[in-house]
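These notes are about the structure you will find just below.
Each value in this text was obtained by applying a stated rule to the coordinates, not by laboratory testing. A quick note: this is a predicted structure, and the numbers were derived from the prediction, not measured. Note that we place each Cβ from the backbone using ideal geometry, even for glycine, and neighbour counts take in every protein chain shown.
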Amino acid sequence: VFIDDRVRNSMDLYKRAGELIPGKTQLVSRRASQYAEGVSPVYAKHASGSRFFDVDDNEYIDWNNCVSAIILGHSDPEVTNAVKTQIDKGSLFTVNSPLEVELAELLVEQIPSAEMVRYCKGGGEACAIAVKIARGTTGRDKILFCGYHGWHDWYQSVNYLADPNTGEFPIIGIEPIGVPKALAGTALPFDYGDIANLEELFNQNNGEIAAVIMEPLRSEMPPDGYLQQVKNIAHANGALLIFDEVSSGWRTRIGGIQEYVGITPDMSVFAKAISNGFPMGVVVGSRESMELADRMFISSSYWSDNVGLVASLTTIQQLLIRDSATQFEEIGSKMRSAITEAVNSVGLPAEVRGWHYRCTVDFSLPDESLRQEVNTLFIQEMARQGIHTLNSFMPTLSHTDKDIQQTAEAAEKAFIVIMRAMEEGIDKYLDADPRREPFRRFVT
């Protein structure tokens with residue numbers, strides 16, 4: 001494996017981790033193979049605003065931001081100070097904290113689907129809670145889904161629908177090891193944007209579907225009327241509609257994509273950016289869909305710890321104070337324009353696509369089999385210039401015009417390398433192994 005001297009300490013730590021931690025990291029997206037392994041940083045020691053320093057003392061502008069969990073900026077002073085103050089008062093009480101009620105009231109005020117609230121510590125956990133509540137409320141077992149919804153058995157069981165010997169799993173790249181085979185057929189995927197496919201699944205499983213859970217969008221707007229059609233079909237069949245806004249929430253609107261598109265689901269799941277880097281997740285929903293959870297055993301000691309609660313309260317308040325929706329449109333538009341200009345200046349056959357909060361460079365390639373190599377080459381060349389990113393860019397409110405300019409200048413140089421590599425051979429320029437996608441989503 002190639003190792004650049006500039007990340008020698010990172011790679012030494014990664015090797016040690018391989019002897020102690022199955023999978024080497026706790027989050028798949030933090031594995032070295034997800035970037036340009038041997039060139040991209042793997043371990044950081046300090047982060048502030050839009051930047052972090054790795055264990056080799058290299059500085060990076062961060063456009064991944066903990067897979068969207070950082071929204072205000074790393075170590076935001078307002079959130080950090082609120083957490084420090086709360087820790088001095090107590091991070092966890094024997095009895096309940098008033099912060100539980102205060103945050104619930106704020107969520108109900110800001111999120112269209114919220115009338116009742118339950119807490120947890122992460123997105124996958126929140127999805128599992130929402131699915132359990134939906135099953136309990138409807139008295140049904142099966143779930144239709146579209147998107148990525150975490151690591152829990154209810155979701156991973158979908159990969160028993162294909163022959164494990166062929167490797168053709170519905171969630172490509174994930175084997176159902178450790179998932180009870182009895183769950184096979186209880187979670188069924190549908191194709192985003194394909195209403196006929198959704199209707200067919202309801203017909204094939206008449207009276208058995210408890211809920212449709214889906215990412216309402218990821219990087220592109222849904223087809224006109226699509227989300228309303230999904231809601232109508234679910235309700236016509238006695239099922240609930242759940243929006244998984246773990247990734248899509250907060251940046252476009254504080255109330256989520258549901259606020260932006262005007263479609264209110266029965267329940268919603270939020271996490272990641274809700275607390276700007278502190279563990280927190282929430283399930284919100286209508287009284288009708290969630291009230292029965294009062295009789296379900298859904299309980300954990302740390303779900304209402306004061307750190308997550310105060311971090312979430314402060315983050316949401318700061319998003320409101322800073323007019324985040326307008327700010328993200330401005331920052332994202334500048335970033336998209338700057339990267340587009342870099343593409344055009346080089347003459348690279350590529351397009352900058354996606355939303356202002358997550359624009360993506362889509363390379364036009366003569367051979368689709370080259371995509372992973374080209375994407376990795378871009379990641380590699382950006383890393384060498386102090387830019388930590390994939391081929392997409394997710395800003396925080398701390399990203400500045402200087403960050404955008406520096407990133408665009410680095411991108412232009414990376415595009416020049418890619419042009420040469422396409423003419424002379426990618427192997428001549430690519431030092432890292434091609435990155436490996438950990439799984440395939442069902443939504444664009």
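Checked against a 27 Å cut-off, the cross-linked pairs Lys24/Lys132; Lys45/Lys121; Lys24/Lys142; Lys24/Lys402 give Cα-Cα distances beyond that limit for Lys24/Lys132; Lys24/Lys142; Lys24/Lys402. Quick one: helix 226-236 against the long Cα principal axis of the chain, what's the angle to the nearest 10°, folded into 0 to 90? The helix 226-236 is inclined about 30 degrees to the chain.
Computed over region 265-321, the range of Cα coordinates on each principal axis works out to 34, 28, 14 Å, biggest value leading. Between Glu115 and Arg287, the contour length at 0.36 nm per residue exceeds the Cα-Cα span by 61.4 nm.
With a Förster radius of 25 Å applied to the beta-carbon distance between Asn96 and Val28, the computed FRET efficiency rounds to 0.15. Pairwise Cα distances in region 77-321 exceed 21 Å for 57 percent of all pairs.
Which lysines have a Cα lying under 23 Å from the Cα of Lys428, excluding residues fewer than 8 positions away in the same chain? Of all the lysines, those that pass the test against Lys428 - Cα under 23 Å, at least 8 places apart if same chain - are Lys413.
Here Glu351 and Ala182 are evaluated by their C-beta separation; at R0 = 41 Å the FRET efficiency comes out at 0.35.
Using θ = phi - 60° in the Karplus curve 6.51 cos²θ - 1.76 cosθ + 1.60, the 3J(HN,Hα) couplings for region 108-125 round to 5, 5, 9, 9, x, 7, 8, 10, 9, 9, 10, 10, 7, 10, x, x, x, 4 Hz; x is entered for Gly and Pro. A convex hull fitted around the alpha carbon atoms of the chain yields 156 Å³ per residue.
Its residue count N sets the reference 2.2 N^0.38 Å, and the alpha-carbon radius of gyration of region 1-101 equals 1.35 times that reference. A crude spin-label estimate for the pair Arg8 and Asp323, with each label 7 Å from Cα along the Cβ direction, gives 5.0 nm. Can you check what the net charge comes to around Val343, using other residues whose Cβ is under 12 Å from the Cβ of Val343 (Lys, Arg +1; Asp, Glu -1)? Within the 12 Å Cβ shell, the charges total -2. Projecting label points 7 angstrom from Cα along Cα→Cβ for Glu19 and Tyr429 puts them 3.8 nm apart. Stretching Ser364 away from Glu409 to a fully extended chain increases their span by 14.1 nm, per 0.36 nm per residue minus the current alpha-carbon distance.
Reported value for region 282-440: 183 Å³ per residue, from the convex hull of its C-alpha atoms. Computed over region 37-158, the P(r) curve from all C-alpha pair distances, binned at 10 Å from the origin, holds 10, 25, 32, 25, 8, 0 percent per bin. Only DSSP H runs of four or more residues enter the estimate; each adds -39500 (n - 2.57), and after division by the residues of the chain the mean residue ellipticity at 222 nm equals -11500 deg cm²/dmol. FRET efficiency for the pair Ser333 and Asp57, taken as 1/(1 + (r/R0)^6) with r the Cβ-Cβ distance and R0 = 25 Å, rounds to 0.15.
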